[in-house]
């Protein structure tokens, strides 16, 4: 029995996606899975050392670890017309926002890359993603970039949206917005990597076929959101692109990296060879 360590976030969408694997609804003969739950920026840092066999990472981090990890065809988090949002206590114009201190959930996150593509290099501070609303409300930052369920709950926190990075992306590209992917270590070999990919795809499909069951589990990681909000959130990010990247998903990744290269935020295009 071989142990495979899989890293993913303790968030509702990842919990939904991995529910069947976590609860042995989907099994891989000869493989024992050890789940490692950490926030996405911590997983981004772990990917740099290659210590996890499979891990969720931000799309923005992938180019730095592409020599060690390969994109998995299932497991992508992509928004279609939605994504991270920049919020504040009051409204700012985009021009004014460029000079304001903005809280971001990590330098390796795709949210930070999208912010730079939109605004250049505004002053930023790094804050744990779930603390960004508090930091903005308390005035420690003028604005903050929200990921995860904060994208749909910010109004209840007394904040207003000043920039929607998902809407901006769709308007400019017409493509889904790639935010996160799952990757497998290249040294595992193609046969094992393919089995792991198919198991993840089966886990996603199981969750879609047993929504209420999977959402009930995912709510443990929803940080107080109700069942309906949890279901809305997981269905936003565990979608058709999560089941299979497809040509459009691949084009979305290529477009993200090409734009980053053109903006001199990335030295070169990484390999995009999903399995």
I want to confirm something. Restricting to the stretch 95-116 and keeping residues that are surrounded by fewer than 19 Cβ atoms within 10 Å (Cβ to Cβ) and under 20 Å from residue 64 (Cα atoms), which single residue is farthest from the chain's Cα centre (by Cα)? 116
So residue 135, is it surrounded by fewer than 23 Cβ atoms within 10 Å (Cβ to Cβ), assigned by TED's automatic domain parsing to the domain that holds residue 97, modelled with pLDDT of 95 or more and part of a helix (DSSP H, G or I): yes
Subset of the stretch 46-75 (residues that are over 17 Å from residue 35 (Cβ atoms), in contact with a strand residue (DSSP E or B) (Cβ under 7 Å, 6 or more places away or on another chain) and surrounded by 24 or more Cβ atoms within 10 Å (Cβ to Cβ)): 58, 59, 62, 69, 71
Right, residue 155: surrounded by fewer than 21 Cβ atoms within 10 Å (Cβ to Cβ), assigned by TED's automatic domain parsing to the domain that holds residue 93, in a helix (DSSP H, G or I) and free of Cβ contacts under 8 Å to residues at least 40 places away in the same chain or not? yes
For the structure I just gave you, tell me whether residue 32 is out of contact with any helix residue (DSSP H, G or I) (no Cβ under 8 Å at 6 or more places or on another chain), modelled with pLDDT of 95 or more and over 18 Å from residue 105 (Cβ atoms). yes
Of all helices (runs of 4 or more DSSP H) completely enclosed by the stretch 214-266, which ones contain at least 2 residues that are farther than 20 Å from residue 199 by Cβ? 227-237, 246-262
Select from the stretch 80-94 the residues that are surrounded by 16 or more Cβ atoms within 10 Å (Cβ to Cβ) and either assigned to a strand (DSSP E or B) or without any contact (Cβ under 8 Å) to a residue 40 or more places away in the chain (or both) and list them in ascending order. 85, 86, 87, 88
State whether one or more residues within the stretch 139-150 are farther than 29 Å from residue 239 by Cα and assigned to a helix (DSSP H, G or I). no
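Could you grab me the full set of residues in the stretch 95-110 that are assigned to a helix (DSSP H, G or I) and in contact with a helix residue (DSSP H, G or I) (Cβ under 7 Å, 6 or more places away or on another chain)?
97
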Can you give me the number of residues within the stretch 181-213 that are part of a helix (DSSP H, G or I), within 19 Å of residue 26 (Cβ to Cβ) and in contact with a helix residue (DSSP H, G or I) (Cβ under 9 Å, 6 or more places away or on another chain)? 16
Restricting the search to the stretch 123-132, which residues are closer than 22 Å to residue 63 by Cβ and either at pLDDT below 95 or crowded, with 16+ Cβ neighbours inside 10 Å (or both)? 124, 129
Within the stretch 39-79, count every residue that is over 21 Å from residue 195 (Cα atoms), part of a loop (DSSP other than H, G, I, E, B) and touching a helix residue (DSSP H, G or I) at 6+ places or on another chain (Cβ under 7 Å). 5
Of the residues in the stretch 167-180, those that are surrounded by fewer than 21 Cβ atoms within 10 Å (Cβ to Cβ) and in a helix (DSSP H, G or I) number 6
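The values are calculated or read from the model by the stated rules, or taken from the named source; none is laboratory data. Note that this is a predicted model, so its numbers are computed, not measured. Every residue, glycine as well, gets a Cβ built from its backbone with ideal geometry; the counts of neighbours run over all protein chains shown.
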